[in-house]
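> I am attaching a structure below and will ask some questions about it afterwards.
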Amino acid sequence: MPWSVYSAEDFPKRDEDLNEWVDYKAALGCTIVMKAHEWTPLEDFYKHTRWESWMADEGNARETVVTGKQVAERMYGDFKLRGIRAADLDRISPEEKKRLEDDSEATNMKFRRMFIDRFEQQFRVKTQGGPGRWVPNTYEAECYKLHNMQPPDVVQRIQQPATAPQVIIQEPDPEMIARLVAAEVAKQAQATVKTK
């Protein structure tokens, strides 16, 4: 079996409408399609055309052959934080293969946790009036799901209508009103007597 790469997630990915490639992994000019939790064998003899400069004529191109081993090593070097692992499956034991798969899964979960932390930091900044986001993007939502977590509370909260405070109307005491009216009448009568 040739050199192979292992990934804990699918590449390339599609956008929310499932109609456009939005994420893919490439190395040395070769785009690799990977299925999650599977080893993808890499062929030898990928042809890679390299131009000496952007103004080069067709005759100035140099075509090189890239081996599966070179692509695998480059994929591991560029994307190891995503959990991509590479190996020559003919030369490793089943235990080593299992160890690489487990390491890929654990590393990928750490990488996804970084996305959750990044979104929550942006969310906190947004709640304080700064630039940020209220809603996680598709990849971050997938990260929350894989970690069995929920996005921050404001995203989940259903807005409840504000209830008006309860007003209690109390009937006035008739005797108290009669006393107040009598006092006011007496005051005005006294003011009229003084002016004459």
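> Restricted to the range 166-196, and to residues that are part of a loop (DSSP other than H, G, I, E, B) and of a type in the set (S, T, N, Q), which residue is farthest from the chain's Cα centre (by Cα)?
170
> While we're looking at this one, here's another question. Note down all Cβ pairs under 6 Å where the first residue falls in the range 103-124 and is among the aromatic types (Phe, Trp, Tyr), the second is in a helix (DSSP H, G or I) and surrounded by 14 or more Cβ atoms within 10 Å (Cβ to Cβ), and they're at least six residues apart or on different chains.
Every condition considered, the pairs that remain are 111/82; 115/140; 115/143; 119/140.
> Something else now. What single numbered condition from (1) at pLDDT 85 or above; (2) under 25 Å from residue 4 (Cβ atoms) fails to hold for residue 119?
Residue 119 satisfies all of (1) at pLDDT 85 or above; (2) under 25 Å from residue 4 (Cβ atoms) except (2).
> Those residues that are in contact with a strand residue (DSSP E or B) (Cβ under 8 Å, 6 or more places away or on another chain), assigned to a strand (DSSP E or B) and modelled with pLDDT of 75 or more, I need them from the range 27-62; list them, please.
Of everything in the range 27-62, those that are in contact with a strand residue (DSSP E or B) (Cβ under 8 Å, 6 or more places away or on another chain), assigned to a strand (DSSP E or B) and modelled with pLDDT of 75 or more turn out to be 31, 32, 34, 38, 39, 40, 41.
> For residue 14, indicate whether it is in contact with a strand residue (DSSP E or B) (Cβ under 8 Å, 6 or more places away or on another chain), modelled with pLDDT of 80 or more and not aromatic (Phe, Trp, Tyr).
So residue 14 fails the test.
> Let me ask something else about it. Considering only residues that are under 11 Å from the mean Cα position of the chain (by Cα), modelled with pLDDT of 85 or more and assigned to a loop (DSSP other than H, G, I, E, B), which ones fall in the range 135-159?
Hits for the range 135-159 are 135, 136, 151.
> Can we say residue 81 is in a helix (DSSP H, G or I), surrounded by 14 or more Cβ atoms within 10 Å (Cβ to Cβ) and modelled with pLDDT of 75 or more?
Here the answer is no, as residue 81 does not meet what is asked.
> I'd like to check something: does the range 63-73 contain any residue that is in a helix (DSSP H, G or I), over 20 Å from residue 40 (Cβ atoms), of a type outside the set (Phe, Trp, Tyr) and more than 18 Å from the chain's Cα centre (by Cα)?
No - not one qualifying residue is present in the range 63-73.
The values are calculated or read from the model by the stated rules, or taken from the named source; none is laboratory data. Keep in mind that what you see is a predicted model, and the values were worked out from it rather than measured. Every residue, glycine among them, receives a Cβ derived from its backbone with ideal geometry; neighbour counts consider all protein chains shown.
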